[in-house]
């Protein structure tokens with residue numbers, strides 16, 4: 001997993017190394033049976049972590065390029081809360097702070113989610129409880145920077161900076177839950193959504209003819225301006241060339257739309273003060289433009305992901321529980337942080353990744 005975190009946004013920014021494929025965080029724990037008493041709800045606060053110490057199952061593969069570094073380490077925290085508005089209507093929201101280390105830099109990301117869920121059918125003798133869930137969620141960063149060299153189409157960029165990368169998703173899920181025993185619940189869901197990935201600007205630095213230049217990638221051309229005094233025999237203060245000279249089309253490679261579908265199964269078991277949950281999620285997505293660019297260059301496109309969630313919770317008081325949760329992903333943050341995927345980073349999304357969370361849940 002060390003080799004996961006070596007490049008993220010455009011021109012190899014910085015993350016290409018973390019999790020889901022186009023689905024809201026923790027969808028693998030969806031259930032139709034939320035608290036039915038208006039005013040009842042719950043609040044969750046947790047610390048999220050990945051490093052060499054907690055990676056006991058060696059999910060992060062060894063890589064000679066990043067061995068002994070912090071590349072791939074993840075530190076973060078999140079809060080989640082929900083409340084029953086009516087016996088059928090549940091609303092919730094969440095916020096994540098994520099800090100991801102790579103070789104020379106660090107990415108600071110923010111994630112959010114809001115949702116409402118309506119239970120339109122109670123469980124019967126041979127039918128499950130059914131609920132429809134509508135959600136909006138996304139990720140953003142002020143800036144992502146890769147300060148190590150990146151070679152693109154035969155041209156070396158000394159550093160790359162992306163301003164305001166972000167994504168927004170709108171999603172609809174149908175959930176069914178069966179209480180097969182007093183202490184055991186099984187749930188299943190199917191869902192679909194739309195995604196939009198965008199950035200404000202892409203800039204870089206490069207060295208040409210012994211001089212260092214600042215590059216600004218526009219809609220159709222790259223503009224270079226002299227970054228500092230240069231003693232070369234021939235010095236050009238400013239130049240502009242078509243985008244294809246640098247091999248980057250900012251519109252098609254860093255900004256795109258996508259549609260996605262997903263399905264999953266969840267099991268929950270309770271006894272005395274203990275609760276155990278396990279969930280599986282499969283996702284498939286279709287992107288416009290960017291995957292065509294990747295394929296045209298002979299690259300591999302990644303459209304599927306498998307996610308496993310496991311959790312053990314123990315009640316320490318009437319309304320307070322402690323939990324430990326593990327999340328495993330076959331293709332890292334290919335969709336939970338959609339803007340991490342682009343033509344420069346797609347080759348890194350064949351890697352596995354896992355996150356460990358520990359925290360508490362307060363019911364009220």
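Considered as a group, the residues in segment 153-172 that are under 23 Å from the mean Cα position of the chain (by Cα) and not in a strand (DSSP E or B) include one that is surrounded by the fewest Cβ atoms within 10 Å (Cβ to Cβ), and that residue is 164. Kindly indicate whether residue 296 is more than 14 Å from the chain's Cα centre (by Cα), surrounded by fewer than 21 Cβ atoms within 10 Å (Cβ to Cβ) and farther than 30 Å from residue 176 by Cα. Taking the combined requirement at face value, the residue satisfies it.
Here is a check on your reading of the model: is residue 186 touching a residue at least 12 places away in the same chain (Cβ under 8 Å), closer than 27 Å to residue 126 by Cβ and surrounded by fewer than 16 Cβ atoms within 10 Å (Cβ to Cβ)? It is false that residue 186 is touching a residue at least 12 places away in the same chain (Cβ under 8 Å), closer than 27 Å to residue 126 by Cβ and surrounded by fewer than 16 Cβ atoms within 10 Å (Cβ to Cβ).
Summed over segment 320-334, residues that are under 13 Å from the mean Cα position of the chain (by Cα) and surrounded by fewer than 16 Cβ atoms within 10 Å (Cβ to Cβ) total 0. Just so you know, in segment 68-101 the residues that are under 30 Å from residue 149 (Cα atoms) and either part of a loop (DSSP other than H, G, I, E, B) or over 19 Å from the mean Cα position of the chain (by Cα) (or both) include one that is modelled with the lowest pLDDT, and it is 68. The single residue among 293, 234, 245 that is part of a helix (DSSP H, G or I) and out of contact with any strand residue (DSSP E or B) (no Cβ under 8 Å at 6 or more places or on another chain) turns out to be 293.
Residues satisfying the criterion are present in segment 270-286 (criterion: out of contact with any strand residue (DSSP E or B) (no Cβ under 6 Å at 6 or more places or on another chain), surrounded by 14 or more Cβ atoms within 10 Å (Cβ to Cβ), within 26 Å of residue 128 (Cα to Cα) and touching a residue at least 40 places away in the same chain (Cβ under 8 Å)). The residues listed here are 65, 104, 58; of these, the one that is at pLDDT below 70, surrounded by fewer than 20 Cβ atoms within 10 Å (Cβ to Cβ), under 30 Å from residue 217 (Cα atoms) and more than 18 Å from the chain's Cα centre (by Cα) is 65.
Only one of the numbered conditions (1) crowded, with 16+ Cβ neighbours inside 10 Å; (2) modelled with pLDDT under 95 is violated by residue 175, and that is (2). Just one of the numbered conditions (1) within 27 Å of the chain's Cα centre (by Cα); (2) surrounded by 18 or more Cβ atoms within 10 Å (Cβ to Cβ); (3) free of Cβ contacts under 8 Å to residues at least 60 places away in the same chain is not true of residue 219: (2). In the set 252, 219, only one residue is assigned to a loop (DSSP other than H, G, I, E, B) and touching a helix residue (DSSP H, G or I) at 6+ places or on another chain (Cβ under 8 Å); that residue is 219.
Can you name the residue in segment 326-357 that is assigned to a strand (DSSP E or B) and in contact with a helix residue (DSSP H, G or I) (Cβ under 9 Å, 6 or more places away or on another chain) and, of all such residues, is modelled with the lowest pLDDT? Ranking the qualifying residues of segment 326-357, first place goes to 333. Close contacts from segment 161-178, counting a first residue that is touching a residue at least 12 places away in the same chain (Cβ under 8 Å) and at positive phi and a second that is surrounded by fewer than 17 Cβ atoms within 10 Å (Cβ to Cβ) and in a strand (DSSP E or B), with Cβ to Cβ under 8 Å and a gap of 6+ residues or different chains, come to 164/140; 164/143; 164/201.
The values are calculated or read from the model by the stated rules, or taken from the named source; none is laboratory data. Quick caveat, the model's predicted, so the values are computed rather than measured. Cβ: placed from backbone, ideal geometry, glycine included. Neighbour counts: every protein chain shown.
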